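Before any comments, here is the structure.
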Amino acid sequence: SANQSPAGKPPTATYESAFLKACRREAVPHTPVWFMRQAGRSLPEYRKVREGIPMLESCMRPELVTEITLQPVRRHGVDAAIFFSDIVVPLKAIGIDLDIKPGIGPVVENPIRSRADLARLRDLTPEDVTYVTEAIGLLTRELGGTPLIGFAGAPFTLASYLVEGGPSRNHEHTKALMYGDPQMWADLLDRLAGITAAFLKVQIEAGASAVQLFDSWVGALAPADYRRSVLPASRKVFEAVAGYGVPRIHFGVGTGELLGLMGEAGADVVGVDWRVPLDEAARRVGPGKALQGNLDPAVLFSSREAVETKTREILDAAAGLEGHVFNLGHGVLPSTDPDALTRLVEYVHTQTAR
Ligand code: 1CP
């Protein structure tokens, strides 16, 4: 596998990549860069190949997934690719009645609200997502030494879509279940942890060199609730994939107060949004973990000078870290100028060349 230094053989280019070295907290030739949502609507070549193809359908076409995943690598020279898919793909694959609606996001026809609904969440098997295995096989051949990041939604964020029935600002139905029926909530998250772990294993076994667990909306919770009601399920996911030796990244938005606990859940790399400077984030996370982040994606709409100033601040705050992967604090906004992203990759690489 490209993911482990093969005993008695020279390590692969992928294993020696700046991205995987930074995740392992080893010395790097330059700070590696990738962007959450680097594939997608900011790229005209993406809009072109997606034309007329619904989002979920495009995730099930291996050649299209391969092309879309490679687009930002070719254009921006980022240090890692992220598999083109969505956090709801494994739920669709086990038969949950959902769709991704343009301009809205994932919508679940019949939300999960009662104990009887839990039976709809059956286990995921590799046969449910053969198109994922096929796409990753194609991709790892095309990518050469560039690592591929696999990903999945974390149990809390998946539960939020399933219980609310779609995107939500306040997560009120989700919290009603969490506080009102803690046993059903625990069972729901445990089932989702099993599905998520199975989906990550498929990606790693097909050739993904790292995985990111997106708990995008968990910042809606206080630390005590996170510890009691979410951390056990996220820990189960991380433990399930620990044996592969691939770096595990854990990311959420608005999680400044949760960074320490998110590290405890078992990640090797903790993702940080723009609200906490990286040196402070490192104090909260503690030793033994790399950090990923954390430029506000909205900064890319300002002048080149302003982008460089904000980026320089991040690189300075990251100077004492054990490992740093440069990223945005959340996904690329759809109307971002792609050239601003290309310039940002170049700026981080030249500023950190060692
Ligand atoms: O038709 C389209 O183009 C729809 C837009 C879109 C895209 C391009 C959606 C719907 N998903 C995706 C791809 C996607 N989703 C990727 C691969 C792209 C890349 O990173 O290069 C990834 C990693 C995701 C993961 C994802 N989906 C997350 C976690 C990341 C994050 O932004 O926090 C979440 C929360 C989702 C749900 C989702 N899917 C799509 C939308 C618009 C949303 C968010 C809806 C909401 O606000 O709740």
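Note on segment 166-212: among residues that are more than 21 Å from the chain's Cα centre (by Cα) and polar (S, T, N, Q), the one that is nearest to residue 108 (Cα to Cα) is 174.
For the condition assigned to a helix (DSSP H, G or I) and within 16 Å of the ligand (Cβ to nearest atom), what is the one hit in 254, 219?
Exactly one residue qualifies, and that residue is 219.
Scanning segment 57-88 for residues that are within 9 Å of the ligand (Cβ to nearest atom) and among the aliphatic types (A, V, I, L, M) yields a total of 5. Cβ-Cβ contacts under 7 Å between residues 6 or more apart (or on different chains), taken from a first residue in segment 31-53 that is farther than 30 Å from residue 353 by Cα to a second residue that is more than 7 Å from the ligand (Cβ to nearest atom) and hydroxyl-bearing (Ser, Thr, Tyr), are listed as 50/58. Within segment 275-326, if we keep just the residues that are within 14 Å of residue 251 (Cβ to Cβ) and basic (Lys, Arg), the residue that is surrounded by the most Cβ atoms within 10 Å (Cβ to Cβ) turns out to be 289.
From the list 275, 248, the one residue that fits, being more than 30 Å from residue 66 (Cβ to Cβ) and within 16 Å of the ligand (Cβ to nearest atom), is 275.
Yes/no per residue for (1) of a type outside the set (Lys, Arg); (2) touching a Pro at 6+ places or on another chain (Cβ under 7 Å); (3) at pLDDT 95 or above:
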residue	(1), (2), (3)
277	yes, no, yes
294	yes, no, yes
317	yes, yes, yes
340	yes, no, yes
343	no, no, yes
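Only one entry of 108, 132 meets the criterion of being within 15 Å of the ligand (Cβ to nearest atom) and either modelled with pLDDT under 95 or more than 21 Å from the chain's Cα centre (by Cα) (or both), and that entry is 108. Which condition number does residue 12 fail, the rest of (1) among the β-branched types (Val, Ile, Thr); (2) outside any helix (DSSP H, G or I); (3) touching a Ser or Thr at 6+ places or on another chain (Cβ under 8 Å); (4) under 21 Å from residue 142 (Cα atoms) being met? With respect to (1) among the β-branched types (Val, Ile, Thr); (2) outside any helix (DSSP H, G or I); (3) touching a Ser or Thr at 6+ places or on another chain (Cβ under 8 Å); (4) under 21 Å from residue 142 (Cα atoms), residue 12 is out only on (3).
The values are calculated or read from the model by the stated rules, or taken from the named source; none is laboratory data. Quick caveat, the model's predicted, so the values are computed rather than measured. In this analysis, Cβ positions are derived from the backbone assuming ideal geometry, glycine residues included, and neighbour counts consider all displayed protein chains.
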